[in-house]
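The values are calculated or read from the model by the stated rules, or taken from the named source; none is laboratory data. These numbers come from a predicted model, not from an experiment. Cβ atoms come from the backbone with ideal geometry, glycine included; neighbour counts cover every protein chain shown. Each accessible area value is taken on the protein alone, full model and side chains, heavy atoms only, with ligands, DNA and RNA left out. Shrake-Rupley method; radii C 1.70, N 1.55, O 1.52, S 1.80 Å.
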Amino acid sequence: MRALLPFAALVLLTACSQNAEAPASEESTAAPAPAPAPRPEMTEEQRAAVLASLPAPYNEGDLENGRRVFARCRSCHTLAEGGGNLTGPHLWGVFGRPAGSVEGFRYSEAVQNAGFTWDAEHLDGWLAAPREFLPGNRMAFAGVPDEADRRDLIAYLKVETGYARE
């Protein structure tokens with residue numbers, strides 16, 4: 001049994017990285033980003049104001065829960081303006097950005113040819129089940145099955161990634 005443990009760990013590590021979006025450069029293979037802190041230039045009152053200005057149902061999102069849910073994403077994605085790509089592309093400015101368009105990131109053919117612009121509805125579908133939403137993408141993430149968690153995560157992303165009204 002002990003002899004199988006290292007093999008199982010190796011298989012898990014391989015599975016986690018095998019299907020991920022391939023990095024475009026050596027910079028993209030940086031160590032996972034630390035837990036994202038809220039944007040320092042925003043006060044809690046400003047965050048609350050941005051949250052309140054979001055369209056329903058995101059204006060009722062729980063930003064703290066969204067931050068916790070994002071913990072599942074942070075090893076592959078950065079949020080900060082000017083943040084680099086990791087295994088996945090940076091998410092600054094994701095809302096309103098055409099799918100597959102982050103400069104310097106090598107996307108799967110499926111994402112390159114997706115033909116949509118990221119908005120809350122597309123991101124909700126992607127987050128629920130990435131492989132079902134866009135077959136052929138290489139994102140090695142099973143998804144966020146809970147609707148409330150997705151709502152909170154999308155609200156958090158809107159507040160933390162420079163969202164401008166869709």
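Fully extending the segment from residue 60 to residue 142, taken as 0.36 nm per residue of separation minus the present Cα-Cα distance, adds 27.0 nm. Expressed as a whole percent, the accessible area of region 88-166 that falls on carbon and sulfur atoms is 49 (1.4 Å probe).
Near the amide H of residue 86, within less than 5 Å, lie the amide hydrogens of 78, all on another chain or at least 5 residues away, with H placed in the peptide plane. Modelled spin-label separation between residue 122 and residue 97, with each label point placed 7 Å from Cα along the Cα-to-Cβ direction: 1.2 nm. In this structure, residue 132 and residue 45 have a Cβ-Cβ separation that, at R0 = 45 Å, corresponds to a calculated FRET efficiency of about 0.70. Taking amide hydrogens as placed 1.01 Å from N in the peptide plane, the amide H of residue 118 sits under 5 Å from those of 96, 97, 99, each at least 5 positions away in sequence or on another chain.
Computed from the C-beta positions of residue 52 and residue 75, the FRET efficiency with R₀ = 35 Å rounds to 0.70.
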